[in-house]
Each structure stands twice: as C-alpha cells, then as structure tokens.
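One structure below.
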Amino acid sequence: MSDLPPRVLVINSGSSSLKYQLIEPEDGISIASGLVERIGEPVSHTEHIYGDKDVAMDQPILDHTAALREVLRLFNQVGPDLETANIIAVGHRVVQGGRYFDGPALIDDQTRNLIDQLSPLAPLHNPAHLKGIDVARQMLPDVPHVAVFDTAFFQTLPDASATYALDKETADRYSIRRYGAHGTSHQYVSNRVHDLLGRKRIRQIVLHLGNGASASAVVNGRAIDTSMGLTPLEGLVMGTRTGDIDPAAIFHLMRVGGMKLDEIDTLFNKRSGLKGLTGDNDMRSVRARANAGDKEARLALDIMIHRLVKYVGGYAAAMGGLDVLTFTAGIGENDAVLRQELCDRLKIFGIKLDPVGNVLRSKDPRTISSDDSAVRVMVVPTNEELAIARQTFSLLE
Ligand code: AMP
C-alpha cells in the first residue's frame, strides 16, 4: 500500500496528438501534465510539466506507440516515477459513446469493440482514441483502463430533443440522432453549480464557449437539451465550425458549386465559424479587431450573440424558467464583454449583470449577476481532465 493518495492518469488521444495529466481525483490536484503533438510528422513537439520542471522537445515521433513510450520515458526522467506514483487507473477521453454508454466504462475487449463500432459516427475521434487506448493498455497492463464519454451526459435527453424529424427507418438504420458532445464539461460545470449553491432543484443553462462551443439545458442535474447533435458541428457559432446551417446549403454547394462532400465537410468544420467570417478563429483577435472598428469582426460577434440569444431563450422556455446561466471555457470564462453583450440582450428574463463582478478576473467559480437579477449568472471554470479522473475513480470505488 502506498502512502500517496490515489492518482489517475488521464489520456486524451487525438489523431496526431496525445495529451495527458496525472491527477489526484479526491482533492483535484494536478501532479504532472504534458502533450505530444504532430505525431507522425517530420518533427513532433513534446512537453512535460512536473512541479517547477517544464521539459519541451522537438523530435520525430513515428506513431502513438512511440508517443506513449516517450511519455513514460519523460515520467521516468523528469518525474514523478510512475512505479511509485500510486496510479490506480488510466482514464481515457472518448468522444462518441453512442447509445451504449451513459457513464464511464471499464475498458475490456467488449468496450473496445463498441468504441470501434461507433467510429463511423466520429471518424476523426474514435479511431484516434483507440490508438491511445491500445498502446496504453499494452504499456500499463497492471491498472484498469476506463473510458469516459463526451456523449454520456446527454444520454438522458428526452426523445423529443434527441430525435431529428427524419424518415424514421433511415434514422434508425444509420443511428442518426442527437448525441451531443462536450458532455463531460457540461456535467462537471452543472454539478459544480449544484454544489456551490447547495441546491438540488435548479433549471440551468450552461454555455461552454471555447474554440468548440455548445449550450446545454439541465434540469435538476439532468440534461434535457444540448446544441451539438449527431456530431459537434450543430449549434452555436464556433471557432471554425458553422454551427446551425440549412443542410440544403450542402445540396447547393454540390449542385451549383461542383464541390465534393469531403470539401464541404472541411469547409463546414474547419473553414467556417469565426474563421470563415473574419479569417481569424481566435476570439481575442476578433474582439480586438471589432474594438478597432472592423465591421467584419463586429458582424461575426453579432451573429454569435444572436445565436446564443436564441438558444438561451429556447432553452429557458423548454425548461419552463431559468434559475442559473453559467459561462465556461476559454471565451465564457475570459470574455467579459461577450458576457455583458449577451446578458444585455437577455433583459426579458430579468437578467442583470454586476458590472464590477463581471470584469473581475479570477480562476475561481463566481457569481457575476447583481443581487436583484431574476437569474443568477455564474462563471464556473471547466476542468475536463479532472472530471475524467473523478469519473474513472468513481467507477472503481
Ligand atoms: P478553449 O477552446 O476553451 O481553450 O477556448 C479557446 C478560445 O478562448 C479562443 O477563441 C480564445 O481566443 C478564447 N479566449 C481565451 N482567453 C480569452 C480572453 N481573455 N478574451 C477573449 N477570448 C479568450
């Protein structure tokens, strides 16, 4: 038995990257973290942070096996020593859990096969996760491995919000329905709100506004709607994704523009959103340009806010009222002007921000509405890695 508290190694494996963090789930402390980027390219980038040590390197890393081998070498060389670090499990982020998973799952051959079967629904993500899962299970065979799904929190969506008005047989045959995404973040943030307010009965909207962006409606801890759908393309205006768009635009681009499906996929996912509207996907640049009088940047922000207003209004109506509106992720946590501009448009709900509280910078969860606001408005920093570590830990307890 180790004297150290239990620790979970969280792995987020992408198609060309592997991010990791060693976390103590009980007290939420991050012990070490790092990433390997540009796996398979001529020069990959590696960074490992432990205490005040920060080791970065550029070197070729052929594949995920080589990447994880390098990560284990860095733990060995820079610390902490994994042999004695009291790692009780490895938690893997998995984007698509389909209808199979409504919570974390121990990774055995059956779970692995289901993640594989779901790959057509998340072709960019699930195969990449499996690479990380396979090498991690080989290299760390003595601890349980757990999959934590981005879609799990939204498995509770009522059929009325999860079902598209599509020919039923076709939808069933191809598993087309709304699975949502960012669920680990929405669950973590909405649970934090319950803990912080010490109340069980809350109708809340969580706005996860980062490079990817999504909204969720959560009633008493249970998600009843979310803006992402079959894939993370649906919903809000994002860094590079369209969010909601008439699907007939695809037919039009194919028929009139002669575009191929893959080109349209790339256009909608990588060359749209803020990037498509302004050439810039970083909110800080778009905001700076709008402040300097750039009309394109201002219009992009207006489109983003208009869409947010529609989602907040729609969700508030669907829930029969709104108690808490919560902002999280890069833009939600940091862009006080966006929060102010959005809340100014939500006066119909009696929302009033505290102008001083809204601009205070802090890494802590906080209330930013005024005392006489009819809806409490909060900023609650998200922490997906910690949420994955906690879900992994909870499955093993
Ligand atoms: P995430 O995907 O959660 O890391 O969020 C990334 C987004 O947050 C990018 O669009 C950043 O420009 C944005 N962001 C980060 N810091 C700020 C800030 N201080 N003001 C506005 N946007 C920010």
For this session: May I ask you to rank 241, 7 by accessible area, largest first, using a 1.4 Å probe over the protein chains only?
Result: 241, 7
For this session: Any chance you could list the semi-axes, whole Å, largest first, of the equivalent ellipsoid that the Cα gyration tensor gives for segment 258-311, using √(5λ)?
Result: 24, 14, 8
For this session: Bin width 5 Å, alpha-carbon pairs only: give the P(r) of segment 192-337 as whole percents, running from 0 to the bin holding the largest distance.
Result: 2, 9, 17, 19, 17, 14, 11, 6, 3, 1, 0, 0
Seminar exercise, completed: Note, segment 116-121: 3J(HN,Hα) by Karplus (6.51, -1.76, 1.60, θ = phi - 60°), whole Hz, Gly/Pro = x, goes 5, 4, 7, 4, x, 7
Exercise. Counting pairs on different chains as well as pairs 8 or more places apart, how many Lys pairs in the chain have Cα atoms under 24 Å apart?
Worked result: 17
For this session: At a 1.4 Å probe radius, which order do 150, 3 fall into by accessible area, largest first?
Result: 3, 150
Exercise. What share of all Cα pairs of segment 210-279, in percent, falls into each consecutive 10 Å distance bin?
Worked result: 20, 44, 25, 9, 2
For this session: Please report the relative contact order for segment 32-113, taking Cα pairs under 8 Å with a sequence separation of at least 6, and give it as a percent rounded to a whole number.
Result: 19
Problem set entry | the chain: relative contact order as a whole-number percent, Cα under 8 Å and 6+ apart | 14
Exercise. What is the Rg over Rh value, at two decimals, for the chain, using alpha-carbon atoms and the Kirkwood definition of Rh?
Worked result: 0.97
Exercise. Residue-wise, which Karplus ³J(HN,Hα) couplings in Hz belong to segment 204-211, taking 6.51 cos²θ - 1.76 cosθ + 1.60, θ = phi - 60°, and x for glycine or proline?
Worked result: 10, 10, 9, 10, 8, 10, x, 4
Problem set entry | Solvent exposure ordering (accessible area, 1.4 Å, most first) of 45, 306, 129 | 306, 45, 129
Problem set entry | Residue of 151, 326, 266 that the Gaussian network model of the chain assigns the largest fluctuation, springs spanning Cα pairs under 10 Å | 266
Problem set entry | Percentage relative contact order, segment 86-168, counting C-alpha pairs under 8 Å, at least six apart | 50
Seminar exercise, completed: About its Cα centre, segment 299-397 carries a charge dipole, from +1 on Lys and Arg Cβ atoms and -1 on Asp and Glu Cβ atoms, whose size in debye to the nearest 20 is 200
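The values are calculated or read from the model by the stated rules, or taken from the named source; none is laboratory data. Please read these numbers as outputs of a predicted model, since none were measured by experiment. Glycine gets a Cβ as well: all are built from the backbone with ideal geometry, and neighbour counts include every protein chain shown. Remember, those area values only see protein heavy atoms, side chains included, never the ligands or the DNA or RNA. Shrake-Rupley method; radii C 1.70, N 1.55, O 1.52, S 1.80 Å.
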